[in-house]
Amino acid sequence: MEIKVYNLHGESVGTVTLPERMFCVEPNEALVHEAVVAQMANARAVIAHTKDRGEVRGGGRKPWKQKGTGRARHGSRRSPIWSGGGITFGPNSDREYGVKMNRKARRKALYMVLSDKVANDRFVVVDDLKFDTPKTSVMMKALLALPHADGRTLLVVDPSNTSVRLGARNVQKTETIAPNSLNVVDVLKAHRVVVSKGDLETLVTHFN
């Protein structure tokens, strides 16, 4: 399976062969949906937390003696029926929202969304993605020259490539990601995926 390779001026300079088992996979919406749900659930942060009667302050001694006062018996000011006492059945940070999904299934879903990008010409390969200086203006000029520059762009770039990462930092609707961190959600959100030939090899080696 071959697709075009572009330079930073948007000119076609050759082709590159993509492995069909990664970039020519029939879509399965149910599997992709499962992968999205699992990824978003595993990234969910548990923020809300209420203290139960074992966590609130106070209650070191019995409020008053058991008998003879005419009042209801109580053993601790930490009781949930007291103002300032613990909360019963409130949200706490012990909750877990994680969803388990097999690695083979996750990768299959990633292959599907990548295949969809390739099928719709939204997977753009460039011969070399490097700049002398990390300038936003230079980065924008290169991105506008490449095909399908009318939406959100996901740049697959090695973390050591600081010229691209810093240059793309202030470009609107543009994000960078390491080849070995590519995931279903980021690919789906992107209008196009841009990757250099070198980073493409890293991606294929890691996920193949």
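Computed quantities for the displayed model
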quantity	calculated
Added length on full extension, which subtracts the Cα-Cα distance from 0.36 nm per residue, residue 107 to residue 26	27.8 nm
Unit Cα scatterers, Debye sum, the range 47-96: log10 I(q)/I(0) for q = 0.20, 0.32 Å⁻¹	-0.69, -1.17
In degrees, nearest ten, helix 197-207 long axis to first principal axis of the chain (Cα)	50 degrees
Burial order of peptide ranges 2-8, 52-58, 89-95 (average beta-carbon count within 10 Å, highest first)	2-8, 52-58, 89-95
GNM top mover of 138, 125, 185 - the chain, alpha-carbon springs below 10 Å	138
Cα-derived Rg to Rh of the range 139-208, Kirkwood definition	0.94
Coordinate range along principal axes, alpha carbons of the chain, Å, largest first	95, 39, 27
Highest-first arrangement of 17-27, 188-198, where packing means the average Cβ count within 10 Å	188-198, 17-27
Computed over the range 1-74, the ratio Rg/Rh where both radii use C-alpha atoms and Rh is Kirkwood	1.60
Sites residue 71 and residue 46, calculated FRET efficiency, Cβ-Cβ separation with R0 41 Å, nearest 0.05	0.55
Dimensionless Rg ratio for the range 45-130, taking C-alpha atoms and the 2.2 N^0.38 Å reference	2.37
Helix-only mean residue ellipticity at 222 nm for the chain, each DSSP H run of n ≥ 4 adding -39500 (n - 2.57), per residue, nearest 500	-9500 deg cm²/dmol
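Any read-out appearing in this document is the output of simple, stated calculations on the displayed coordinates, not a laboratory observation. Everything numeric in this text was worked out from a predicted model, so none of it was measured. Because the Cβ atoms are built from the backbone with ideal geometry, glycine has one as well, and the counts that use them run over all protein chains shown.
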